[in-house]
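Down below is the structure, laid out as structure tokens.
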Amino acid sequence: MTTVAGAAGLIAAWVAGCACAAGVLVPRRSVVIPALLIQFICAAILFSSLPTALVFAYAVVGACVCAILAVTPAGGDVAEESRPAGVPSGMSFRLVGVLLVGLSSVALARSVMEPGLAIAPGVPDAAGLMIGLGLLQVGLSEEPLRVGAGLMAMIGGFEIGYTTVETAIALHGLIIGVPLLIALVVAYLLVLSPAKGDAST
Amino acid sequence: MNAPLALLTFTVGLATLVAFLRKEPLAAWLLASGGAGLAAVFVVVIRPDVATSFLGLSVKVPGTWTILGRALVLGEANRLVVGFVYMAAAFLFAGGHVAKPGRLFYAAGLLVVGLVAGSLMVVPFLYAAVFLEGMALVAVLILYPPERPGSRAPLRMVVLYTLGMLTLLTAGWQADLLGAGSVPAEAARTATALAVLGFGLLLAAPPFHLWLPSTAGHSHPYGLAFVILISQAGALFTVFRFFDAYAWLRENALLFLAARWVGMGIAAFAALWALSQRSLARTAAYAVMADTAVILLAFSSMSLGGFELALGLSGARVVSLAVWALGASVLQNGGAGDTADELSGVGYHAPLATATVLVGLFSLAGFPLTAGFPGRWAVMAGGGTAALAVVGTLGAVSLAAVRWTSTVLRSPRDVELPRGSVLERLMLGAGILLCLLLGLFPQLLYPWVVGALSGLAGLSGG
């Protein structure tokens with residue numbers, strides 16, 4: 001039974017990592033939002049030490065976040081026309097970045113959190129991948145949707161690791177609510193500055 | 001009803017009401033400034049858990065609100081600093097009718113104040129990081145009002161505050177493992193490094209200052225000033241609470257020495273950048289950064305006097321920055337712009353607003369006879385390298401202000417600026433007078449602000 005749970009955790013971790021990578025590699029609204037939903041679901045699976053109600057609340061927050069972003073009018077498919085000037089962010093650069101950052105994040109997370117009795121398998125991998133790739137996404141773009149998705153990935157990854165060391169339900173409740181606020185702010189910014197078109201096609 | 005619940009319910013209720021009245025600027029202005037002022041009086045006058053006479057009635061209000069096993073506490077430790085935040089907000093809201101920073105300013109501003117107050121009341125205080133993150137998210141509505149679309153800089157603030165939240169929560173976890181007592185510096189190395197990183201992120205210390213100049217280049221000056229003042233007050237007091245809670249942090253002499261060198265580095269960086277700016281708002285943003293460096297230098301003295309001075313300086317900057325922002329807003333609203341070319345000769349068209357901008361800027365620099373000077377004088381009186389850094393910062397930022405003075409007094413351009421209303425001229429004049437008055441009589445401000453430290457037993461030695 002433990003092995004099955006461990007395998008599920010590992011699968012969830014790497015699915016979350018792949019979803020993060022997809023969000024970084026393909027900066028399209030039609031990819032970023034579903035990838036975000038997958039990250040929320042995988043993170044919820046990995047919140048093993050949280051009460052079921054809170055895990056359920058996190059999944060609901062994820063669904064609400066994606067719904068808010070999906071219904072926000074943004075003048076077409078959001079792309080990366082707003083990348084910081086002078087920062088290379090072509091497909092090949094992003095692919096190399098995802099591989100380097102992803103692998104080093106996993107290695108770092110595994111050295112900080114060794115799986116054992118307190119830490120389920122998959123937790124270090126998921127935390128490392130989501131924080132690392134979220135940070136990469138935030139660094140590569142200034143477009144609100146992508147920055148917001150990167151921030152939510154970072155917070156999700158942090159929360160996965162933080163549940164193993166902090167037991168205060170109130171604190172986790174507060175952190176879980178933050179992505180909802182980020183989604184509202186991103187939606188507000190998208191409404192004010194709709195994207196000009198899809199530059200990635 | 002307990003005091004924290006009453007205060008936060010009042011704040012959120014008022015923000016909701018003001019949001020509905022956003023198309024009625026006069027009503028929103030009166031409600032926001034009056035409400036924030038009333039809340040400040042309530043916090044300062046009512047002593048939670050102690051029978052107090054208020055408007056002829058004997059009132060005893062519980063000071064603790066327990067929620068999900070955690071608490072929001074309004075007591076002697078934080079009553080004055082929460083009052084300070086509400087008072088600063090009321091002061092800034094009062095100028096809002098003239099500055100016109102956007103229709104969401106009052107509602108979002110009240111929410112920002114409520115969240116900062118929440119961060120000051122929450123126990124354990126590590127939860128403050130999450131409240132400050134919420135504050136940064138709401139602040140986007142002020143920095144990026146619907147009237148000024150086009151920039152993405154406010155998201156940088158959110159990114160840096162998010163990183164700050166994550167860092168401080170991790171530092172808090174490490175700190176809890178060490179406990180509150182004395183611990184060898186080597187054992188506390190990770191927790192100390194994380195805490196310092198978190199403080200740097202929240203206080204916008206270089207290289208985490210990026211949101212400040214880019215936001216200054218786009219946002220309304222008054223909205224920017226409001227966000228800087230309220231957010232930095234919350235961040236600064238979170239730093240104080242950290243040092244108050246952990247003996248291993250406040251007894252680490254090496255950390256204070258490092259703070260001194262970092263403070264001098266920030267002072268040199270900010271002063272030089274302030275000098276080289278051709279945007280008025282960015283000059284002020286770097287002047288604020290130099291002011292933060294002076295606060296850090298005062299703090300680095302590792303003494304009660306230094307801690308008090310740091311709080312006093314943060315009180316004086318409320319007046320300096322608000323006065324600068326009021327003048328800059330009037331000029332921008334009138335169509336004068338923000339760059340040196342646009343403001344060339346503006347002093348002949350709008351003398352009072354220009355004078356307000358300059359007095360605010362000189363006060364931010366800490367020029368003698370302005371509100372910013374007494375605190376700097378006290379730091380300089382301490383002598384040593386910190387004094388030299390303060391003198392250098394004061395000189396460089398004052399020189400930037402002198403440069404702006406020469407810019408606004410160049411031969412007048414052929415532009416028409418609207419003549420301000422009586423209320424506008426009254427407020428601009430009052431701002432200048434206040435800056436000068438607090439420069440001459442700092443005892444009107446400092447003792448009250450400094451008193452906020454008395455509740456922190458670890459730092460004040462009480």
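Just so it is clear, none of the values below were taken in a lab; they were calculated from the coordinates. Note that the structure is a prediction, hence the values are computed from the model and not measured. Backbone-built Cβ (ideal geometry, glycine too); neighbour counts: all protein chains shown.
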Exercise for review: Give, as a single signed number, the net charge of other residues whose beta carbon lies under 14 Å from the beta carbon of residue A:167, with Lys and Arg counted +1 and Asp and Glu -1.
Suggested key: -2
Study note, to complete from the structure: Here FRET efficiency (C-beta to C-beta, residue A:14 to residue A:91, R₀ 25 Å, nearest 0.05) is 0.70
Check your understanding: For the charge dipole of chain B, defined by +1 on Lys and Arg C-beta atoms and -1 on Asp and Glu C-beta atoms about the Cα centroid, which residue among B:409, B:357, B:37 has the Cα displaced farthest towards the positive pole?
Key -> B:409
Review point. Say R0 is 45 Å: what FRET efficiency, to the nearest 0.05, do residue B:348 and residue B:377 get from their beta-carbon distance?
Key: 0.85
Check your understanding: Taking 0.36 nm per intervening residue step and subtracting the Cα-Cα distance, what contour gain separates residue B:272 from residue B:402 on full extension?
Key -> 45.4 nm
**Study point:** Number of partner chain Cβ atoms within 10 Å, mean per residue of A:171-181
**Key:** 4
Practice item. Any chance you could run the full-extension gain for residue B:341 through residue B:409? It's 0.36 nm times the residue separation minus the Cα-Cα distance, nm to one decimal. Key: 23.3 nm
Check your understanding: Scaled to the compact-protein estimate 2.2 N^0.38 Å, what is the alpha-carbon radius of gyration of the protein assembly as shown, rounded to two decimal places?
Key -> 0.95
Study note, to complete from the structure: Note, residue B:233: beta-carbon cut-off 14 Å, +1 each Lys/Arg, -1 each Asp/Glu, net +1
Check your understanding: How would you rank B:389-398, B:43-52, highest first, on the average number of other Cβ atoms within 10 Å across their residues?
Key -> B:389-398, B:43-52
